[in-house]
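Student: Below is the structure I would like to discuss, written out as structure tokens.
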Amino acid sequence: MKWDKAGRFSAVGFADTPDAPRPPVTDSFGREERPVVFVVDDDYFARTAVRIMLEDAGLQVQEFEACESFLDAYEPQAECCLVLDLHMPGMGGIDLLRQMTPAVAPPTVVISGDSGIAEAVTSMKIGATDFIEKPVREDTLLQSVRAALKRSRRLDSASHLKAVAVEHLSELTARQRQVLGLVLAGHASKVIAYHLGISQRTVENHRAVIMQKTGARSLPALARLAIAASTYRQDTAA
């Protein structure tokens, strides 16, 4: 793939580039899904050329000519990323990145032919995973997209684990959550019993039930579970 002097993609001379091996992504019914790449660019020729290149690499592409239309249609996928041009009429690429919360924003590869270092730094600070200046090599773009998709898989896995942690902790009673908080604060059962006005044996029973309900086999594992649930709530509330 080549870029012309105006910074546009040329659809002539596409090379077949094999995608790197990856484990299959499946939906809730066990059906295999292809990774999705969202391409947002107001330049029809550049957008079409990117779509063809990515589809030839085995990726599913959804293209948009404006940031506003992308925001209206976007739904997070198990494995996805965004290829984003910075300079467009209306909402620009940086404004789009600022609109999206970290919990739902896909890993983003920013491409621009007339941006300075300041804009590159700004885009990276607010969520872009890579910044590529035009003209760009085809292999460079594919490498960046694959890295973004790999990051998407890791984020999706982490999000799933956090959601599972919330589910486990939601099974605890109000008293068990009180005991859990004091346990994680480092208090011994005797101190917890005094603080809550219950017997030490009752505290020990609560601790045993907490371990059983959460599936944690040790206090460090229980602490990691509680932290994961806490960060999940913060992400979804953002």
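The values are calculated or read from the model by the stated rules, or taken from the named source; none is laboratory data. None of these values were measured; they are calculated from a predicted model. Methodologically, a virtual Cβ is constructed for each residue, glycine included, from the backbone with ideal geometry; neighbour enumeration extends over all protein chains shown.
Student: Output the number of the condition that P135 fails; it satisfies all remaining conditions of (1) outside the structural domain of G113 (by TED's automatic domain parsing); (2) part of a loop (DSSP other than H, G, I, E, B).
Tutor: Here P135 meets the rest and fails (1).
Student: While we're here: Pairs please, first residue from region 76-97 and in the same structural domain as G127 (by TED's automatic domain parsing) and within 20 Å of P35 (Cβ to Cβ), second anywhere and modelled with pLDDT of 95 or more and aromatic (F, W, Y), Cβ atoms under 6 Å, 6+ apart in sequence or on different chains.
Tutor: L82/F38
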